[in-house]
Structures are given as structure tokens and as C-alpha cells.
Amino acid sequence: MRPAYWTILLLLMSNVFMTFAWYAHLRELSTKPWFIAALVSWGIALFEYLLQVPANRIGYQELNLGQLKILQEVLTLTVFVPFAVFYMKEPLKLDYLWAGLCLLGAVYFIFRGE
């Protein structure tokens with residue numbers, strides 16, 4: 001499998017952990033002190049980093065730094081929207097579509113040939 005595919009797979013999994021580390025405490029630990037939420041989030045974020053660091057090292061074999069960053073942002077939104085709607089019970093907003101379209105523009109500009 002090409003390095004770019006491994007990168008996408010690992011970053012996708014990393015983003016699941018990242019999203020839970022950053023936002024799940026708002027629902028699950030809202031009655032706990034902030035430092036408890038921070039400790040739990042750090043524990044979850046460890047798994048994010050265990051996937052994200054190798055993903056970026058693998059991806060850097062084929063992609064440049066800007067491409068890795070835009071890929072990360074696209075995957076973040078891809079994971080965040082279902083998380084927000086299904087886990088956090090937020091309403092699905094048209095703004096997510098507009099944000100996605102802006103990211104498609106970013107993808108175009110960062111991945112187009114020089």
C-alpha cells in the first residue's frame with residue numbers, strides 16, 4: 001500500500017482520538033473539575049499521537065508539509081461533523097458544507113501541480 005494511503009488511514013484514526021480528547025469531556029465530564037477532564041483528555045490524546053506521529057512520518061515520504069496539513073484538516077472535518085451530530089447531538093448545519101467546500105478549495109491549491 002502506498003505511503004499516502006497509510007497516512008490517510010492513520011490520520012483518520014488519529015482524528016477520532018483527537019476529537020474525543022478535545023470535545024467529549026464537554027458532554028461526559030461536564031460536572032467534574034477541569035483538571036480531571038484535562039487528565040482524561042491527555043490519556044486519550046496519547047493514542048492520537050501514537051497514530052499521528054507515524055502517519056506524518058510515513059506521509060512525508062510522498063507529501064510535502066503543506067499537503068500533510070491540508071489533509072489533516074480535511075480528515076478533521078470528516079470526523080468532526082459526524083461526532084458533533086451523532087455523539088454531541090448538535091444540529092447538522094449548512095455551515096459544515098460551506099467549511100467543507102472551502103477545504104476542497106484548499107485541497108485543490110495545495111495538491112495542484114506546480
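No value in this document is a laboratory result; all are computed from the given coordinates. The structure displayed is predicted, hence computed values, not measured ones. FYI the Cβ positions are ideal-geometry reconstructions off the backbone, even for glycines, and counts take in every protein chain you see.
Below is a table of values for the structure above.
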| item | result |
| --- | --- |
| For segment 74-114 versus segment 10-31, the gap between their alpha-carbon centres in whole angstrom | 17 Å |
| Degrees, to the nearest 10: 94-111 long Cα axis against longest axis of the chain | 30 degrees |
| Segment D95-L29, length gained on full extension (0.36 nm per residue, minus Cα span) | 21.0 nm |
| Simple Cβ-charge dipole of the chain, Lys/Arg +1 and Asp/Glu -1, about Cα centre, in debye nearest 20 | 100 debye |
| The chain, relative contact order in percent, only Cα pairs under 8 angstrom and at least six apart counted | 34 percent |
| Three-way shape label, the chain, alpha-carbon gyration tensor, a/c 1.5 | oblate |
